[in-house]
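Participant: Supplied in structure tokens, the structure appears directly below.
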Amino acid sequence: MQKKKATIKDVAQAANISIGTVDRVMHNRGGVSKKTEEKIKRIAAELNYTPSTIAQALVSQKNNIKIAVIYPDAEPHFWSQVEKGIKDFEKAYCFFGVELVVYKTSCYAIDEQIKILEEIKNSDIKGVVTIPYNSYKIDPAINELVKKGVVVNTFVSDAPNSRRSCYTGLDDISAGVLAANLMGLFLKGQGKIAIVGVHRDVLCIENRILGFISAIHKDYPGIELLRIFNTRMLSDAHENLYIEEMVELTNHVLDTNPILNGIYVTNSMTEHVAKIVKERRKDSDIKIVGHELSNDINALIAEGVIDASIYQNQRKVVYNALKTTYKQITRQLEEFEQYNYIFPNIVTKDSVKFIKDIYNHKDEID
């Protein structure tokens, strides 16, 4: 027989306190002494009592919780999936009185991002979820918001030296190690490789390169790293210029390295690098390991042009970051991990047909 769920009345009777006082404590409305609050929370935990979802929703609706989301207007094949995650969250949490305020910056414009954070400081926004475009330049703006009582969390990339609460995304150093191991496997431990380092001002890219290089040097002495080819930081570029930069850089990589066995691409621009390699080195067997998915990347993996891509499901990443932020604001999450790492998917020719459902998100977000 299923045990009857404890009610707020049960907690009030066990604590010998009014239902109204218990309700104030469980919904963090204040006005209760610390000693009484601790007593109520202890008894609620002993009885395994939690407020009903409907009750929480009604409280949240009255409070009208605003959360800002900041991300760049760049790589639509990547950030369009983030937009879907934002819509997923809005649909799931609209009943709780949550309002998302979305800011899209011009590409990775750090000055524009900092200006938005400074404007939020004087608003009624209670939480911020963002990808830091430069983990050092953004720290003071994040710290000022936290000082004002705003919950700030990062996703996809981090600002670990700031006072942000939580990061949600890949462990990017480990992702770089994973990419190196895939490259080592494909090349059987021998060959000449290059790295295409896209947006190294964004910490996740720098960490991937760090992990990749350390693993290659440590575990694959027969693989020679020729060079890291870096893109410019196109902080205010439109998409066509962004793609032109990748085409120009990839052509330079191929022009300056007639003997090349592998290329590691550090972000979702993998598809543009692979298209140039396919066009110019049709008969070569250059191994390409990169990141993320798009319809074009899926097709290039299926063709065998891209050998592997490390996919983080950014739709779910932003959803989880927003959920964590909401729970922190409403004090449903008193304790939390500073690093909410997600498990990466490795997409290869053998697995690409199965991963399409994940990319097209027939899977459920929870």
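Participant: For segment 1-64, which helices (runs of 4 or more DSSP H) that fit wholly inside it have 3 or more residues that are modelled with pLDDT of 75 or more and touching a strand residue (DSSP E or B) at 6+ places or on another chain (Cβ under 6 Å)?
Facilitator: Of the helices (runs of 4 or more DSSP H) lying wholly inside segment 1-64, none has at least 3 residues that are modelled with pLDDT of 75 or more and touching a strand residue (DSSP E or B) at 6+ places or on another chain (Cβ under 6 Å).
Participant: If you go through segment 85-126, how many residues are hydrophobic (A, V, I, L, M, F, W, C), closer than 14 Å to residue 70 by Cα, modelled with pLDDT under 95 and assigned to a helix (DSSP H, G or I)?
Facilitator: 1
Participant: A follow-up question, please. Criterion first (in the same structural domain as residue 153 (by TED's automatic domain parsing) and buried (at least 16 other Cβ atoms within 10 Å of the Cβ)) does residue 107 satisfy it?
Facilitator: yes
Participant: How many of the residues in segment 263-316 are of a type in the set (S, T, N, Q), crowded, with 24+ Cβ neighbours inside 10 Å and within 19 Å of residue 252 (Cβ to Cβ)?
Facilitator: Qualifying residue count, segment 263-316: 2.
Participant: Check residue 68 against each of (1) modelled with pLDDT under 95; (2) of a type in the set (Gly, Ala, Ser); (3) part of a strand (DSSP E or B) and name the one condition it does not meet.
Facilitator: Here residue 68 clears every test but (1).
Participant: On to the next question. Residue 235 versus (1) polar (S, T, N, Q); (2) touching a Phe, Trp or Tyr at 6+ places or on another chain (Cβ under 6 Å); (3) modelled with pLDDT of 90 or more: which is the lone unmet condition?
Facilitator: (3)
Participant: Then there's this: Take segment 169-203 and flag every residue that is closer than 28 Å to residue 337 by Cβ and part of a helix (DSSP H, G or I).
Facilitator: 172, 173, 174, 175, 176, 177, 178, 179, 180, 181, 182, 203 - these are the residues of segment 169-203 that are closer than 28 Å to residue 337 by Cβ and part of a helix (DSSP H, G or I).
Participant: Does any residue in segment 122-137 that is within 19 Å of residue 170 (Cβ to Cβ) come within less than 6 Å, Cβ to Cβ, of a residue that is among the acidic types (Asp, Glu) six or more places away or on a different chain, and which pairs are these?
Facilitator: Correct list of pairs: 134/201.
Participant: Could you please tell me which pairs satisfy a Cβ distance under 6 Å, a separation of 6+ or placement on different chains, a first residue in segment 177-206 that is under 16 Å from residue 267 (Cα atoms), and a second residue that is crowded, with 24+ Cβ neighbours inside 10 Å and among the acidic types (Asp, Glu)?
Facilitator: Matching pairs, first to second residue: 203/158; 204/172.
Participant: Here's something else I'd like to know. What about residue 212, is it touching a helix residue (DSSP H, G or I) at 6+ places or on another chain (Cβ under 7 Å), part of a helix (DSSP H, G or I), among the aromatic types (Phe, Trp, Tyr) and outside the structural domain of residue 345 (by TED's automatic domain parsing)?
Facilitator: When the stated conditions are applied, residue 212 passes them.
Participant: Does residue 139 satisfy the criteria of being in contact with a Phe, Trp or Tyr (Cβ under 6 Å, 6 or more places away or on another chain), at pLDDT 95 or above and assigned by TED's automatic domain parsing to the domain that holds residue 323? Before the answer, list the steps.
Facilitator: Values: in contact with a Phe, Trp or Tyr (Cβ under 6 Å, 6 or more places away or on another chain): no; at pLDDT 95 or above: yes; assigned by TED's automatic domain parsing to the domain that holds residue 323: yes.
In short, no.
The values are calculated or read from the model by the stated rules, or taken from the named source; none is laboratory data. As the structure is a computational prediction, the values presented were derived from the model and not from experiment. Quick reminder, even Gly has a Cβ in these numbers, built from the backbone with ideal geometry, and neighbours come from all protein chains shown.
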